[in-house]
């Protein structure tokens, strides 16, 4: 039984490393918030994302997590843009 659990965990890990977006949707409850999902997805699917593209990715991530709180989205978009800025 333990070997089946380990095999399932390895399969999920391989899907994450491959950037499979479906596995992120399955793990949505574990990731918690939309911005945790955004960061996790970008690290594995697009690690060289440009700061100018973060607005698009934040929008897609909020849609996937069914978030409609505009203030929250804008706040974390500003945080991410600041983190990637040169200043």
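Each value in this text was obtained by applying a stated rule to the coordinates, not by laboratory testing. Since the structure is predicted, the reported quantities are computational estimates derived from the model, not experimental observations. Because the Cβ atoms are built from the backbone with ideal geometry, glycine has one as well, and the counts that use them run over all protein chains shown.
Observations on the structure shown:
- Computed from the Cβ-Cβ distance with R0 of 35 Å, the FRET efficiency linking residue 5 to residue 43 stands at 0.90.
- Relative to the longest principal axis of the Cα atoms of the chain, helix 2-17 runs at roughly 30 degrees.
- Crossing angle, helix 54-64 versus the chain [Cα axis fit, 0-90 degrees, rounded to tens]: 50 degrees
- In degrees, nearest ten, helix 70-84 long axis to first principal axis of the chain (Cα): 90 degrees
- 33, 48 arranged by Cβ crowding within 10 Å, fewest neighbours leading: 48, 33
- Compactness of the chain, expressed as Rg and Dmax over alpha-carbon positions, Å: 14.8, 52
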